[in-house]
Structures are given as C-alpha cells and as structure tokens.
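Participant: Quick one: the structure is below, and I'll ask about it shortly.
The values are calculated or read from the model by the stated rules, or taken from the named source; none is laboratory data. Predicted model, so just to flag it, every value in this text is computed and none were measured. Cβ sites come from the backbone with ideal geometry, for glycine too, and all protein chains shown count toward neighbours. The area values use the complete protein model at the heavy-atom level, side chains included, leaving out ligands, DNA and RNA. Shrake-Rupley method; radii C 1.70, N 1.55, O 1.52, S 1.80 Å.
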Amino acid sequence: MASITLKGVSKVYDNEKKVVEKMDLHIQDGSFTVLVGPSGCGKSTTLRMIAGFEKPTEGEIWIGNQLVNDLVPGKRDISMVFQNYALYPTMTVRGNIEFSLENIKIPKRKRKEMVEEIVEVVGLTEYLEKRPQHLSGGQRQRVALARAMVKKPEVFILDEPLSNLDAKLRGQMRTELIQLHKRLGTTFIYVTHDQVEAMSMADEIVILNKGKIMQQAAPMVLYNNPKNTFVAEFIGTPAMNVLPFEEIRADLNIENNPEITHFGFRPEHGRLVHSEDPQIFTLRYPSKIITRETLGSETIYLIENKLGRQHIKSTEPPFSEDADLALCIPVEKIYYFDRLGIRVEKENEAFPYTLQNHEKGGVKI
Amino acid sequence: MSQDLLSHLPDNQPVAVTTRRSVSRDFLRPYIMIAPALIVFLLFFLFPIGYMIYLSFHEWNFISPEKTYVGLKNFKRLVADPLFLEVIRNSLVYTFLSVFLTITISLALSLWLNKKGWIYSFIQGAVFSPHIISLVSVSMLWMWMMDADYGLLNWFVEKLGFEKVPWLTDPKFALISLVIVSVWKSVGYYTLIFIAGLQSIPKNLYEAASLDKTPKWRVLTKITLPMLSPTLFFLTIIGLINSIQVFETINIMTGGGPVNSTKTLVYYIYENGFVFFKLGNASAAGVILLIILTILTLIYFKVLSKKVHYQ
C-alpha cells in the first residue's frame with residue numbers, strides 16, 4: 001500500500017499544448033480515488049504518468065516515499081486495468097494471469113496456487129484454459145482484474161475499465177469493484193469520464209478540466225459544496241442550473257454584492273407547483289414545460305421562465321405538459337458564483353450555507 | 001391464431017409478371033458483365049494450364065503437326081533423370097535458403113526500424129529501394145559486382161585480405177550467389193510488411209508487459225512473435241511461391257550453369273521447351289511445378305481460414 005503525491009507536475013507534448021498543468025495532487029494510502037473529467041482534461045495523461053508510460057515535463061511524482069520520475073513502469077509496483085483490457089491474446093486466461101509471476105521467477109507450484117486463488121475471487125475457475133477472444137466482455141474484464149490483482153501491487157490503476165461494458169454489467173462491476181477495494185485495501189486510482197461511476201465508487205473524487213484540478217473532495221462534499229461552476233455543472237444528473245444573477249437580484253433581500261454574477265440551484269431542489277397553489281418559497285416564477293422525461297420514479301422537466309431555461313427533477317407524479325406552473329426555489333439551496341465561476345461563499349454572510357440546514361428545506365414559515 | 005396475427009397482410013400478394021424476354025435478359029446480364037474478365041481468365045489461365053496437362057502426356061517438338069500420345073512416359077523419364085533430380089534439389093535449396101534468409105533478415109530489420117525518427121525512415125526507404133528496380137537491371141548490376149576479376153565484391157574481399165571468390169563461375173558458389181541477389185532484392189519489401197504487422201500490435205500490450213516486469217527477450221518471444229505470426233506465415237508462403245518460380249536472375253546471370261549447379265525448375269522447363277523443343281518433357285515438369293504451387297496455396301488458404309482474429 002502506498003500514497004501517491006504529484007508535485008507541480010506538468011505534461012507538454014511536442015505541439016506545445018499543455019495537457020497537464022502544474023498539478024499538485026495527493027492520493028491517500030488505501031483510498032479509492034477517482035479522476036474524472038471531460039475528454040481531453042488530462043486525466044488519462046495523469047494516470048499514464050503515474051504508471052510510468054509518460055514522463056512528466058516537469059514536477060515530481062512520489063509513490064509512497066519514493067520519487068519515481070526515473071523509474072520504469074515495472075519497478076513502480078503498480079497494476080493496471082486497461083480500457084480495452086490489453087490481455088495477451090495468444091495466451092490462455094491462466095497464461096495471462098501467470099505471466100507476471102513467471103517474469104519474476106516464482107516457482108511453478110506457488111504460481112499455480114496463486115492463480116487458482118485469484119480466479120476463485122473473480123469467478124473464472126472454469127475458464128482458466130480458454131483464450132480471451134472466447135470470453136465475453138465482462139469475463140475479459142475479470143481476467144484483466146485477476147491479472148492485475150495476482151501481483152499484489154501497492155497501487156491499482158484502472159483506466160476507464162467499465163466503458164466497454166453494457167449498462168447492466170457496468171452496474172454489477174461497479175459493486176464488485178467497491179467490494180474488491182474493501183477486501184484488498186490497496187490504493188485504487190480510477191479514471192473515468194462518467195460522473196455517476198465517480199460518485200458511486202469513490203472515497204475521493206478529483207475533478208479535472210483542461211489539465212487542472214477543479215476540486216478534490218469526497219463525493220457528497222463535491223455535490224453539496226462545489227467550488228466552482230465547472231464542478232457544479234459536472235456532478236449530478238441533470239447538471240446544476242447556473243443562471244445570470246441579474247434576474248433574481250431584486251427578488252433576494254440581500255445587500256448588493258457586486259462580485260456575484262451567477263447563481264445556481266440543483267434540479268432536485270427546485271420545485272414545480274400549480275400556479276394557483278399557495279406561496280411556499282421566497283422565489284417563485286411562472287414557468288412552462290418545454291420537455292418532460294418520465295423515468296418512472298422521477299420526472300425530469302426542462303422548463304422556461306424569466307430566468308431562462310432550467311432542468312427540474314421531481315419525484316412527484318408528473319405534471320401534464322401544458323399545465324400552468326410556477327417554479328419555486330428555496331433560497332437556502334442557492335449557490336452564488338462570481339464572474340470567473342468561482343463560488344462566493346463565506347463573504348456572503350446573509351446566506352450561511354451549512355450541511356445541517358438541508359433537512360429544513362426552504363419552507364417559509 | 002397464426003392467421004389472426006397475419007391478417008393485416010394483404011391476401012393476394014401481387015406477383016410480378018415478367019415477360020419471357022426480360023427474364024432472359026436478366027439472366028444474361030451478369031454473364032455479359034463479367035464476360036471480358038472471364039474470357040481473359042479462360043484464354044490466358046485456364047486454357048494454357050489445360051493445354052500443358054494435355055501436352056504432358058504427349059511428345060511434341062513444337063513444329064511437327066503430330067503430337068504422339070505417350071501416357072506417363074514423360075513423367076517416368078523425368079523421375080529417372082538425374083539432371084531433373086538435381087534441378088529439384090537446386091530449386092529446394094534456393095527456395096528454402098532465400099526464404100529463410102529473407103525472413104530472418106527482414107524480421108530483424110523491422111524490429112530495429114520500427115521506431116520514429118528520420119534515420120529509421122531513411123534506412124527503411126533505402127532497404128526498400130531494390131524492390132522497385134527491375135529484376136533484369138538487378139541481375140546486370142550484380143553480375144558486374146560479382147565478376148571474379150573486376151567485380152566490386154571481390155575488390156572488397158581482396159582488400160580484406162582474402163582470396164577472390166568465383167561468385168558465379170564455381171558450382172559451389174553460384175547458387176548461393178543467386179540467393180544473395182534474391183535476398184537483397186526482397187528484404188526491403190518484407191521489412192515493410194513486417195513493420196506494418198508490428199505496428200498493428202496494440203501498444204498497450206507492451207505497456208501491460210512493462211508493468212508485468214517482462215524481460216526484453218520474453219516480450220519478443222511471448223508477445224511480439226506470436227502476434228506477428230499471421231504476417232510471418234503470409235510472408236513465408238508468398239516467399240516460397242515466388243522463389244520456387246525463380247527465372248530471370250538465373251537466365252541472365254548464369255544460364256543454369258556452371259555445370260547445371262543453378263538450374264532450377266522453371267529454368268529447366270524453359271530450356272526443355274524453348275531451347276530443346278521437348279514440349280512433352282517441359283509440360284510434365286510444368287505439371288509438377290503446378291502441383292507444388294497448388295499444395296503451397298492450399299496450405300496457405302487452409303491456415304488463413306483458421307487464422308485467429310485477435311480481439
């Protein structure tokens with residue numbers, strides 16, 4: 001087990017495009033850390049630098065208390081699961097799992113024991129003598145996991161391991177990976193572009209954009225306390241509604257804070273009511289539905305009002321599309337952002353935002 | 001029940017009514033389309049093969065109107081002829097030697113040249129260039145280089161302090177010399193195909209191997225070569241098929257000599273047919289060549305159909 005530290009790491013390719021820029025990152029020993037961000041954000045490059053496939057242009061990478069900048073991948077005590085599995089196609093499942101053990105000259109009997117123990121864990125015992133191309137996607141994924149696990153590495157790296165699987169299998173593998181992490185207790189670094197994967201599996205999420213860390217925190221902290229509009233809009237489905245502040249400035253009873261240019265609220269915090277219903281929240285805007293997605297347990301609306309267009313998620317029975325509605329926004333659930341998209345928090349004492357306030361909702365008494 | 005399910009379909013599907021004329025036209029059209037290719041194929045491939053098989057059972061001198069049927073006599077004579085056996089031996093030695101050397105050298109070259117950088121591209125281009133030169137020019141060039149007295153090779157050999165080598169004039173060296181020419185000519189092309197094969201191996205296999213602490217030679221034997229085996233096999237068969245048909249270099253550089261030491265199957269067929277006008281004999285040897293080539297091709301297709309398509 002080992003922690004990983006990046007100190008001022010940058011990666012610049014020949015075309016002088018900065019893929020990763022002065023990144024400082026600490027990944028805790030034994031944590032399940034997910035690097036997430038849109039494509040091209042530098043998450044895979046970061047991962048490949050940790051694994052040793054790419055050399056950082058500047059900065060230091062530490063695994064445990066060893067500086068690994070000049071260490072070849074094989075000496076970093078890392079296992080990796082690749083997006084397309086990268087199984088050796090000419091070897092059987094056993095051959096694939098055994099390969100790294102043969103390389104370090106572990107005796108045959110011991111090898112056999114280790115392989116059999118690990119395939120038991122991933123449930124592949126009956127496929128030991130098959131070749132990868134005769135296995136399904138999910139089984140190949142398990143072989144890749146077994147191959148990575150058998151080495152008992154300090155750090156486990158997973159590069160979008162679930163993106164080639166179908167939705168149902170992905171859900172299943174997510175649970176299995178969480179259990180696996182619990183059992184092994186090894187440091188997991190997991191790269192994905194899917195925020196749902198990040199939210200559901202991570203102890204800690206690192207959100208990247210354009211080679212920079214936007215925020216690093218536990219899933220629920222990211223959700224409740226986004227540091228900027230990028231994080232606010234990246235986490236949660238649908239994304240947080242971020243709108244110009246001008247429209248509601250007058251409706252809010254606060255002293256003029258010129259810093260604030262945008263505000264946001266989560267789709268599940270806004271509430272749609274019939275326009276004849278009594279006023280329950282401070283902020284209320286007549287709205288009409290543009291589209292409606294009924295998902296069974298919940299309904300997602302795209303609505304329009306004087307603030308612009310917003311997504312609203314509701315667990316109440318769906319409204320008809322032509323209903324005469326009003327959007328109510330609880331003031332406590334509003335986030336404020338400045339011109340650069342940075343969250344305006346403590347400066348604005350009029351609206352202290354704490355986690356404990358959640359349960360109270362926005363009911364005006 | 002099934003009727004109910006199908007009830008939405010119309011009861012009487014209108015059947016296309018076609019006239020006799022249009023049927024025959026539709027029937028003929030594809031044949032008319034492929035006729036040019038078919039005629040060329042029949043005229044220049046199938047007919048000569050058939051005619052050769054026919055001639056192999058006859059004796060004919062190219063001129064007389066009479067072709068005497070002799071049954072298997074031509075084949076019996078061939079098998080009994082020590083010269084023909086030597087020809088077969090020469091062909092096999094030449095074929096296996098040149099294929100083995102070409103494959104080995106170009107594989108080594110491709111492993112070395114499969115890198116980025118202008119120097120590697122340049123060497124790759126340089127090695128490839130013999131491939132685009134006509135074989136006749138290549139033969140003339142090498143004849144000069146291998147000249148025992150004035151040749152470039154012997155100049156080097158002498159400079160290095162050895163005795164002159166009678167490249168093309170000694171039965172011990174002549175066949176080897178021809179193998180050298182063949183290897184020189186085809187190594188670049190093979191290298192190119194090998195490099196293409198190497199580049200189609202997924203990079204992350206090597207990344208996985210590097211995380212698995214794989215020593216270099218094991219990467220080569222356990223990953224690169226197995227992944228390259230389809231290419232290796234393809235080139236081996238193509239090489240065998242090409243080398244067994246060697247003719248130009250022999251015709252120009254040695255004429256089958258000295259003392260028949262470079263007489264190979266195709267040259268033997270040519271000599272019997274168009275120098276000695278023993279068409280029956282030549283055709284029988286041609287049939288034997290055809291059988292060898294057919295076997296090689298069948299092996300190729302057999303293994304090709306079994307070839308595993310990885311991932």
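Participant: Surrounded by 14 or more Cβ atoms within 10 Å (Cβ to Cβ), of a type in the set (D, E, K, R), touching a Pro at 6+ places or on another chain (Cβ under 6 Å) and within 14 Å of chain B (Cβ to nearest Cβ) - does that describe any residue in segment A:137-154?
Facilitator: yes
Participant: All but one of (1) within 12 Å of chain B (Cβ to nearest Cβ); (2) touching a strand residue (DSSP E or B) at 6+ places or on another chain (Cβ under 8 Å); (3) modelled with pLDDT under 90 hold for residue A:58; state the number of the condition that does not hold.
Facilitator: (1)
Participant: Tell me, please, whether a residue that is in a strand (DSSP E or B), assigned by TED's automatic domain parsing to the domain that holds residue A:153 and out of contact with any Phe, Trp or Tyr (no Cβ under 7 Å at 6 or more places or on another chain) can be found in segment A:83-101. Can you show your working first?
Facilitator: At the first step, the residues of segment A:83-101 found to be in a strand (DSSP E or B) are A:85.
After this cut, where a residue has to be assigned by TED's automatic domain parsing to the domain that holds residue A:153 as well, the list is A:85.
If we keep only those that are out of contact with any Phe, Trp or Tyr (no Cβ under 7 Å at 6 or more places or on another chain) too, we end up with A:85.
Among the residues of segment A:83-101, at least one is in a strand (DSSP E or B), assigned by TED's automatic domain parsing to the domain that holds residue A:153 and out of contact with any Phe, Trp or Tyr (no Cβ under 7 Å at 6 or more places or on another chain), which makes the answer yes.
Participant: Within segment B:213-228, is there a residue that is modelled with pLDDT under 90 and at positive phi?
Facilitator: Within segment B:213-228, one or more residues are modelled with pLDDT under 90 and at positive phi.
Participant: Could you please find all residues in segment B:156-189 being among the β-branched types (Val, Ile, Thr) and open to solvent by less than 80 Å² (accessible area, probe 1.4 Å)?
Facilitator: B:157, B:165, B:176, B:179, B:180, B:181, B:183, B:187
Participant: Is one or more of the residues making up segment A:173-189 more than 13 Å from the chain's Cα centre (by Cα), open to solvent by 50 Å² or more (accessible area, probe 1.4 Å) and farther than 30 Å from residue A:106 by Cα?
Facilitator: yes
Participant: Which of the residues that make up segment B:206-225 are more than 7 Å from chain A (Cβ to nearest Cβ) and touching a strand residue (DSSP E or B) at 6+ places or on another chain (Cβ under 8 Å)?
Facilitator: Listed by number, the list is empty, since nothing qualifies.
Participant: So, of the residues in segment B:75-98 that are small (Gly, Ala, Ser) and in contact with a helix residue (DSSP H, G or I) (Cβ under 6 Å, 6 or more places away or on another chain), which turns out to be nearest to residue B:176 (Cα to Cα)? Talk me through it step by step, then tell me what you get.
Facilitator: Quick first cut of segment B:75-98, residues small (Gly, Ala, Ser) only: B:80, B:91, B:98.
Filter once more, keeping what is in contact with a helix residue (DSSP H, G or I) (Cβ under 6 Å, 6 or more places away or on another chain): B:91, B:98.
Values: B:91: 12, B:98: 9 Å.
Ranking the candidates gives B:98 first.
Participant: For residues that are assigned to a loop (DSSP other than H, G, I, E, B), surrounded by 16 or more Cβ atoms within 10 Å (Cβ to Cβ) and at negative phi, tally how many sit in segment A:38-65.
Facilitator: 4
Participant: Would you tally the residues in segment A:310-339 being in contact (Cβ under 8 Å) with a residue 60 or more places away in the chain and open to solvent by 70 Å² or more (accessible area, probe 1.4 Å)?
Facilitator: 1
Participant: List, please: which pairs have Cβ atoms under 9 Å, are six or more places apart or on different chains, and start with a residue in segment B:127-145 that is on the phi < 0 side of the Ramachandran plot and end with one that is in a loop (DSSP other than H, G, I, E, B) and open to solvent by 50 Å² or more (accessible area, probe 1.4 Å)?
Facilitator: As it stands, the answer is B:141/B:133; B:144/B:150, since those pairs meet every condition given.
Participant: Residues of segment A:87-134 being over 23 Å from residue A:74 (Cα atoms), within 14 Å of another protein chain (Cβ to nearest Cβ) and surrounded by fewer than 18 Cβ atoms within 10 Å (Cβ to Cβ), which ones?
Facilitator: Selection gives A:130, A:133, A:134.
Participant: What are the residues in segment A:64-85 that are facing chain B (nearest Cβ under 9 Å) and more than 18 Å from residue A:189 (Cα to Cα), if any?
Facilitator: Answer for segment A:64-85, where residues must be facing chain B (nearest Cβ under 9 Å) and more than 18 Å from residue A:189 (Cα to Cα): just A:72.
Participant: Same structure, new question: Test residue A:161 against the stated conditions and say whether it is at pLDDT below 90, open to solvent by less than 30 Å² (accessible area, probe 1.4 Å), under 31 Å from the mean Cα position of the chain (by Cα) and within 12 Å of chain B (Cβ to nearest Cβ).
Facilitator: It is false that residue A:161 is at pLDDT below 90, open to solvent by less than 30 Å² (accessible area, probe 1.4 Å), under 31 Å from the mean Cα position of the chain (by Cα) and within 12 Å of chain B (Cβ to nearest Cβ).
Participant: Continuing with this model, one more query. Name the single residue, out of those in segment A:67-86 being open to solvent by 30 Å² or more (accessible area, probe 1.4 Å) and touching a residue at least 40 places away in the same chain (Cβ under 8 Å), that is farthest from the chain's Cα centre (by Cα).
Facilitator: Filtering segment A:67-86 for residues that are open to solvent by 30 Å² or more (accessible area, probe 1.4 Å) and touching a residue at least 40 places away in the same chain (Cβ under 8 Å), the one farthest from the chain's Cα centre (by Cα) comes out as A:77.
Participant: Among (1) closer than 30 Å to residue A:48 by Cβ; (2) touching a helix residue (DSSP H, G or I) at 6+ places or on another chain (Cβ under 9 Å); (3) away from every other protein chain (no Cβ under 14 Å), where does residue B:199 come up short?
Facilitator: (2)
Participant: Specify the residue that is farthest from residue A:151 (Cα to Cα); the eligible residues are those in segment B:213-253 that are open to solvent by less than 30 Å² (accessible area, probe 1.4 Å) and polar (S, T, N, Q).
Facilitator: B:249
Participant: Is it the case that segment B:56-70 has a residue that's of a type in the set (Gly, Ala, Ser), open to solvent by less than 40 Å² (accessible area, probe 1.4 Å) and under 25 Å from residue B:260 (Cα atoms)?
Facilitator: yes
Participant: Give me the residue from segment B:116-155 that is more than 16 Å from residue B:253 (Cβ to Cβ) and buried (at least 18 other Cβ atoms within 10 Å of the Cβ) and, out of that set, nearest to the chain's Cα centre (by Cα).
Facilitator: B:127
Participant: Separate question: Do any residues in segment B:212-230 that are in contact (Cβ under 8 Å) with a residue 60 or more places away in the chain have Cβ atoms under 8 Å from those of residues that are surrounded by fewer than 16 Cβ atoms within 10 Å (Cβ to Cβ) and not acidic (Asp, Glu), where the two are at least six apart or on different chains, and which pairs are they?
Facilitator: B:230/B:307
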